[in-house]
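Below is one structure; the comments refer to it alone.
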Ligand SMILES: [Zn+2]
């Protein structure tokens, strides 16, 4: 138990690395909300965490029945709300993900989307103040990553 200094009450401690690994093993490293496979890639592995179904902040216990493998995205979407059951929490998370996906599909952030405006070339001329500062410092500054490969 640890003391929540904001609400002055005792909370269960976060899971230790060992406890977390046991939950991830039990759930086969799959997010129990969206099904993300934590074993599919390094990036997915980095995204995996353990979720308190009833949040610690809401006096959820560190009990295997209250812990599930969860990707960080679903964990963030779920937040600290208390649901009547895991199934209700899962339904909320999946609905929110669907809503977020629909919103994302209307943005230029998705693959294949055309940029609203052609990106401007980053040349020293486009940043006269930086170019002047660089010239004053006697250095040559280039924003091209290719220039880093020389020498
Ligand atoms: Zn997930």
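Results, tabulated for the structure shown:
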{"quantity": "Every residue from segment 30-47 that is surrounded by 13 or more Cβ atoms within 10 Å (Cβ to Cβ) and either within 11 Å of the ligand (Cβ to nearest atom) or at pLDDT below 95 (or both)", "calculated": "30, 31, 32, 33, 34, 36, 37, 38, 44, 47"}
{"quantity": "So residue 86, is it within 18 Å of the chain's Cα centre (by Cα), surrounded by 15 or more Cβ atoms within 10 Å (Cβ to Cβ), in contact (Cβ under 8 Å) with a residue 12 or more places away in the chain and on the phi < 0 side of the Ramachandran plot", "calculated": "no"}
{"quantity": "Pair list, Cβ < 6 Å and 6+ apart or interchain, from segment 23-52 residues that are within 20 Å of residue 13 (Cα to Cα) to residues that are at pLDDT 95 or above and assigned to a loop (DSSP other than H, G, I, E, B)", "calculated": "48/38"}
{"quantity": "Flag for residue 27 being over 19 Å from the mean Cα position of the chain (by Cα) and within 13 Å of the ligand (Cβ to nearest atom)", "calculated": "yes"}
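Matching residues to (1) within 15 Å of the ligand (Cβ to nearest atom); (2) at pLDDT below 95; (3) part of a loop (DSSP other than H, G, I, E, B); (4) touching a helix residue (DSSP H, G or I) at 6+ places or on another chain (Cβ under 6 Å):
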| site | (1), (2), (3), (4) |
| --- | --- |
| 54 | no, yes, yes, yes |
| 62 | no, yes, yes, no |
| 70 | yes, no, no, no |
| 74 | yes, no, no, yes |
| 88 | no, no, no, no |
| 92 | yes, no, no, no |
| 107 | no, yes, yes, no |
| 114 | no, yes, yes, no |
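The values are calculated or read from the model by the stated rules, or taken from the named source; none is laboratory data. Worth saying up front: this structure is predicted, and the values here are computed from it rather than measured. Quick reminder, even Gly has a Cβ in these numbers, built from the backbone with ideal geometry, and neighbours come from all protein chains shown.
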